[in-house]
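Have a look at the structure below before the remarks.
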C-alpha cells in the first residue's frame, strides 16, 4: 500500500497537533475516515482516533461541519453553507449560515462565481467551497440553495373564500401569508410554520401547533420564539449541572462565615438568591464611627467552570429572562434555584466581599475570599422595612437589620456626596391571578430597604472593579457613557417648550440633570421632564475599556453581585478567583474541570464576550417589554370602545403613540383619523400641528382616547380621538403658541418606554 503523502508513521494514532495540521492543509473536507486513511490507522487505532477527536471537540480545538467533516474551532469548513450579507459592487459577501464558535467573530468571505453571475441577493444561501488566502478566506460558489427555512409564528385565519392565512404575531410584519399545508391546525390556533417559495409566491406549511394565542402562557412563548431565546438545556449541560451539585464544600479551603447573622433581602416571590449582606460597627479605634460589612455572593464560578457545556449554555443565554408568567434561567434549576441560591439555614458556597467603611461612608479597604455561609434569614423587602419602622416584630431586628441600616446611612451619605443621577420614575409590575391573567398592574413601591440593598451591591461592584484594576487583571466593565451632544440638543429643545432653560456649554455631570429636575415646580410636567432626561441617556453596556458609569457617577464599575442571572458577573468572579489566588483543589469528579478562574481563551476573548452579552441583554429587554405589551393588550381587549385617559409618549409624521396612564401599554393614533385637516410634523419639537386650526399634539400631552382595537397576539393597541371627550389640553402650557391652550389632537411618535413597566439593572 502506498504511503500517505504526509510524513507520518503508519498505524500510529496522531497527536493533536498533527491532526490540526492535517485538517488545515487538507484540500478536501477532512472527516474521521480521511484522517484514519491519511495516517493508515486500523482496528483499535480507529477507536482511539474517534475518542481523541471527541476530546479535541470537547476541548474546543476542533468543531464538526455538516457531513461529519472536521475543521479547526473558529475556522471555516472546506465546504459549507454561506448566507449573503452584503453586495459590494459586483461581488457578494457571505458569512457562515451556522457559526457555533461564539467566542470567535463569524468571518466575512468574498464570493467568487465561475461563469455567469447567479444574481445573488442579500439573504440568499449558497453552498460554497472555501479556500484560505493570506490571513483570510475566500469562497467559490458551488450552487445556490433554497431560502432559509426560518419558522414563522402566527395565528390561523380563514377569509370569505375559505382560504387559510397565517396572520403574523410580529407587529412589524404587515402582511399575512397564504397557507399551503394546514396540517391538523384549526382557525384560531397559534402555530409555527415553514415558509416555502419567494416573494409574492411565499406559502406556509404548518409544522407545530402551539395552542390558543390568547392564553396568557402564549404571550411569553411568542417573544421567546421571535427573539430566539434558548429555553432548553442540552443533555450534556444538565448532566454537568448534576455533577456540579455533588461538589463537596466540606473539603474546600474556604473561610467559615456560618456564625455571622448574614441575611438576604429580596422580593417576596424571589426563587433565586444571589446576594446576602451583613454589617457591624468596626471595633478598630482607627475607624471610629465606621463599619465592617460583608457582601456575600453565590459562588457560581465554583460550579460552572470555563469551557464546559454548562458554561457555553450560560454564555449563549447571557442572562436570565423574566416574564410575568415564567423565568427563563441562565443556569439549570439544579443550580439557579437550588445549590447556588443562598438560602436560610443551609451551607452555601459564596464569594465574599469584605468592606471597611469609614464614618463618611467611604470604602477604605476591601478584600475577597471564598467562604461558606449559612444565612440567618431570607427576608422580603416589605418585611425588612416594616421591622425597621416598628410595624412588625422581627427576630433579626437587633442582630442583623439594625446594624445594616446604620451602616447603610453612611453609604447613603457617600452616595449623596457624589450626586448620581436621581430619576424617581415609578416602576410598574404585572400581577397575575391563578389563571395567568392580569389581576392588576401595580406601581412598585420604592422602600428604603430597596435603596439599602442597592447601595451595598454598588459598593461591592465598585470594590470588585478596583480590586481587579489593582491586580492589573482582565475585567469586563459595566459602562454608561455621558449623553451625546445630539441627545442633549434634543433635550434642550424639548425643555424650551416648558420655558425651562438648559445650557449646552457646561460640563455634563449627573448633578446637572438633578438640578434641572429640582427647578421644575409644576407637578404635572415633572414626570415628563424626568422621562425626557431618561431618553437623553445612553444605554449601558459591557466593555473592556473603562469609560466610567455616568448615571452612578462612578469612575470604575463592574457587575459582580448577580452571577446566577448574568454572565458578566460570572466572568468577573472568575477574574477575581484568578487575581486573588482563590482557586480550589481539583474536584474529585472527573467531569468537573479543575480551573474555576479565567482560562486563556476567555482572557483573549473578553472584548467579544462583552459585545455578545450586551446584545443578549438588549434581546432580553425587548422580549420582556413586548410580552408585557401583550398582557396589557389582552387585559384591555375587554375595554374596546371605551374612552381611556392617555398621555402621548411619541410623535411621528404618520401619527402619535399614547399610553394608558393608569396601566401602561402604547397604542397608535394614525394621523389619518384626525380628520380632513392636514397636519405638519416638526421632528425637532416632536410635534404635529394642524395647518388650519393650529391644533397640536406633542409628547407628554394628556387627552382622552377611545380604544378601537387591542390585539394580544401582537401586543398592539389602536386609538382614535374621543368625540366630545375632555382632552385636558389646557392642564399646562407648552410654550406661547397661538393655540397653546386649545384642545390638542393625537400625534404619532417614537415608541417610548411601554408604561415604564420594568427598569433594567444598572
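Okay, residues lined up against (1) at pLDDT 70 or above; (2) surrounded by fewer than 18 Cβ atoms within 10 Å (Cβ to Cβ):
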residue	(1), (2)
2	no, yes
6	no, yes
22	yes, no
48	yes, yes
51	yes, yes
70	no, no
85	yes, yes
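Which of (1) in the same structural domain as residue 242 (by TED's automatic domain parsing); (2) crowded, with 21+ Cβ neighbours inside 10 Å; (3) over 30 Å from residue 225 (Cβ atoms) does residue 648 not meet, given it meets every other one?
Just one mismatch for residue 648, condition (1).
Which condition from (1) modelled with pLDDT under 95; (2) in contact with a strand residue (DSSP E or B) (Cβ under 7 Å, 6 or more places away or on another chain); (3) surrounded by fewer than 16 Cβ atoms within 10 Å (Cβ to Cβ) is the one that residue 434 breaks?
Going through (1) modelled with pLDDT under 95; (2) in contact with a strand residue (DSSP E or B) (Cβ under 7 Å, 6 or more places away or on another chain); (3) surrounded by fewer than 16 Cβ atoms within 10 Å (Cβ to Cβ) one by one, residue 434 breaks only (2).
Only one of these conditions is not met by residue 241: (1) surrounded by 15 or more Cβ atoms within 10 Å (Cβ to Cβ); (2) at pLDDT below 90; (3) in the same structural domain as residue 319 (by TED's automatic domain parsing). Which number is it?
It fails just one condition, (2).
Tell me, yes or no, whether segment 353-366 has at least one residue that is assigned by TED's automatic domain parsing to the domain that holds residue 461, crowded, with 20+ Cβ neighbours inside 10 Å and in a loop (DSSP other than H, G, I, E, B).
yes
Among the numbered criteria (1) out of contact with any helix residue (DSSP H, G or I) (no Cβ under 6 Å at 6 or more places or on another chain); (2) in the same structural domain as residue 368 (by TED's automatic domain parsing); (3) touching a residue at least 24 places away in the same chain (Cβ under 8 Å), which one does residue 493 miss?
So the condition that residue 493 fails would be (2).
Pull up segment 514-542, narrow it to residues that are at pLDDT 95 or above and touching a helix residue (DSSP H, G or I) at 6+ places or on another chain (Cβ under 7 Å), then point me to the one that is surrounded by the fewest Cβ atoms within 10 Å (Cβ to Cβ).
Ranking the qualifying residues of segment 514-542, first place goes to 541.
For segment 30-46, enumerate the residues that are modelled with pLDDT under 75 and either assigned by TED's automatic domain parsing to the domain that holds residue 121 or in a loop (DSSP other than H, G, I, E, B) (or both).
Within segment 30-46, no residue meets the criteria.
Could you check, for segment 421-442, whether at least one of its residues is in a helix (DSSP H, G or I) and either more than 24 Å from the chain's Cα centre (by Cα) or outside the structural domain of residue 513 (by TED's automatic domain parsing) (or both)?
Going through segment 421-442, the residues in a helix (DSSP H, G or I) turn out to be none.
So far as segment 421-442 goes, no, none of its residues is in a helix (DSSP H, G or I) and either more than 24 Å from the chain's Cα centre (by Cα) or outside the structural domain of residue 513 (by TED's automatic domain parsing) (or both).
Counting only residues that are crowded, with 16+ Cβ neighbours inside 10 Å and part of a helix (DSSP H, G or I), which one in segment 53-63 is modelled with the lowest pLDDT?
Looking at the filtered set, the residue picked out is 56.
Looking at 206, 191, 169 in this structure, which one is at negative phi, at pLDDT 85 or above and touching a helix residue (DSSP H, G or I) at 6+ places or on another chain (Cβ under 7 Å)?
Details: 206 fails: touching a helix residue (DSSP H, G or I) at 6+ places or on another chain (Cβ under 7 Å); 191 fails: touching a helix residue (DSSP H, G or I) at 6+ places or on another chain (Cβ under 7 Å).
Going through 206, 191, 169 in turn, the sole match is 169.
Look at segment 493-511 and say how many of its residues are buried (at least 17 other Cβ atoms within 10 Å of the Cβ) and in a helix (DSSP H, G or I).
Residues that pass the stated criteria total 3.
Does residue 623 satisfy the criteria of being surrounded by 21 or more Cβ atoms within 10 Å (Cβ to Cβ) and within 17 Å of the chain's Cα centre (by Cα)?
Taking the combined requirement at face value, the residue satisfies it.
Please state which of the following conditions residue 66 fails to meet, knowing it meets all the rest: (1) assigned to a loop (DSSP other than H, G, I, E, B); (2) closer than 19 Å to residue 129 by Cα; (3) modelled with pLDDT of 75 or more.
For residue 66, the exception is condition (3).
What about residue 276, is it in contact (Cβ under 8 Å) with a residue 40 or more places away in the chain, surrounded by 14 or more Cβ atoms within 10 Å (Cβ to Cβ) and outside the structural domain of residue 458 (by TED's automatic domain parsing)?
Details: in contact (Cβ under 8 Å) with a residue 40 or more places away in the chain: yes; surrounded by 14 or more Cβ atoms within 10 Å (Cβ to Cβ): yes; outside the structural domain of residue 458 (by TED's automatic domain parsing): no.
So residue 276 fails the test.
The values are calculated or read from the model by the stated rules, or taken from the named source; none is laboratory data. Here the structure is a predicted model, which is why all the values come from computation and not from measurement. With ideal geometry, Cβ positions are generated from the backbone for all residues, glycine too; neighbour counts draw on all protein chains shown.
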